[in-house]
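The next block holds one structure in the form of structure tokens; read it before the comments.
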Amino acid sequence: MKKTFTLFILLLTCFFGKAQTTQDYIAEHVGYAQKLMRINQVPASIILAVAIHESAAGTSKIARYLNNHFGVKGPNSSSEINSSYRDYPTVDSSYNHFISFLHSRSYFNVLFSKYDQYDYKNWAKGIQRGGYASSRTWASQVIALIKKYELYQYDDRPDDYIETIIPTANVVAKSTTSSRTKSRSSIAKKSKMYTIKTGENLNIIAERVGTTSAALMQKNGLKSAVVQPGQRIKL
């Protein structure tokens, strides 16, 4: 009876310990992820979710022995593990390299000007398109982690932020010009006033709400596409 009870306790510990590991990981690294976000405008939710996904929330061998939390391959000097993944002196340096890696590749670097720090869905899809992972479901898995652990709460999203609308492939393929125009008009009618954020322009905002910069200029009586942070416009 005593052995059975001990085994039961061990099973409970393993079960709940695993669930808690991810929460502990988030609590430990969210501060640094937000610091990198505010410097580089990459969503903290993306940084955390990719690290959780690639390192099994810090429990993988390459995370434990190499401080590698983003699945980056390269040489290492470890005598404890035989691996094709590179090592880092600290976990933070692995986080730093992830950001510099995105900056150093043209197919990732374009994301910095295309999407803001709140648009985690398009960041995930963009990183996948750039070839970060071979799995076709990689972006979906990263997005699922963000939703499951509500990592978007760490992105400093303003209350009036409008999430980018991503049409499905089937809708895009079957839509006609008139139906797309109708859809965009419908989106615009539901929207209200929007405050321009630092780093945004009319093209970015237009793409997000499914319209054009010319349409936004006309709607707001603007003679130029140049907008300033803090400026309010109609969507």
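The values are calculated or read from the model by the stated rules, or taken from the named source; none is laboratory data. Note that the structure is a prediction, hence the values are computed from the model and not measured. Positions of Cβ are generated from backbone atoms using ideal geometry, with glycine treated the same way; all protein chains shown enter the neighbour counts.
For this structure, a couple of remarks:
- Residue that is surrounded by the most Cβ atoms within 10 Å (Cβ to Cβ), among those in the range 126-167 that are farther than 21 Å from Arg208 by Cα and aromatic (Phe, Trp, Tyr): Tyr132
- Candidates Ser77, Ser45, Ser60 - the one that is of a type in the set (Ser, Thr, Tyr) and in contact with a helix residue (DSSP H, G or I) (Cβ under 6 Å, 6 or more places away or on another chain): Ser45
- For the range 194-235, the candidate set comprises residues that are farther than 27 Å from Phe112 by Cβ and not in a helix (DSSP H, G or I); within that set, the residue that is modelled with the lowest pLDDT is Lys223.
- The one condition in (1) farther than 27 Å from Glu207 by Cα; (2) aliphatic (A, V, I, L, M); (3) crowded, with 22+ Cβ neighbours inside 10 Å that Met37 fails to fulfil: (1)
- Some residue of the range 112-122 being touching a Pro at 6+ places or on another chain (Cβ under 7 Å), surrounded by 19 or more Cβ atoms within 10 Å (Cβ to Cβ) and part of a helix (DSSP H, G or I): yes
- Looking across the range 68-95, just one residue is at positive phi and within 21 Å of the chain's Cα centre (by Cα), and that is Gly71.
- Residue among Gly31, Gly17 that alone is more than 25 Å from Ala139 (Cβ to Cβ) and at pLDDT 95 or above: Gly31
Table: residues versus (1) part of a strand (DSSP E or B); (2) of a type outside the set (Phe, Trp, Tyr); (3) more than 21 Å from Asp155 (Cβ to Cβ); (4) not assigned by TED's automatic domain parsing to the domain that holds Tyr149.
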| position | (1), (2), (3), (4) |
| --- | --- |
| Ser45 | no, yes, no, no |
| Ile52 | no, yes, no, no |
| Ile62 | no, yes, yes, no |
| Phe70 | no, no, no, no |
| Pro75 | no, yes, yes, no |
| Ser93 | no, yes, yes, no |
| Asn96 | no, yes, no, no |
| Phe108 | no, no, no, no |
| Gly131 | no, yes, yes, no |
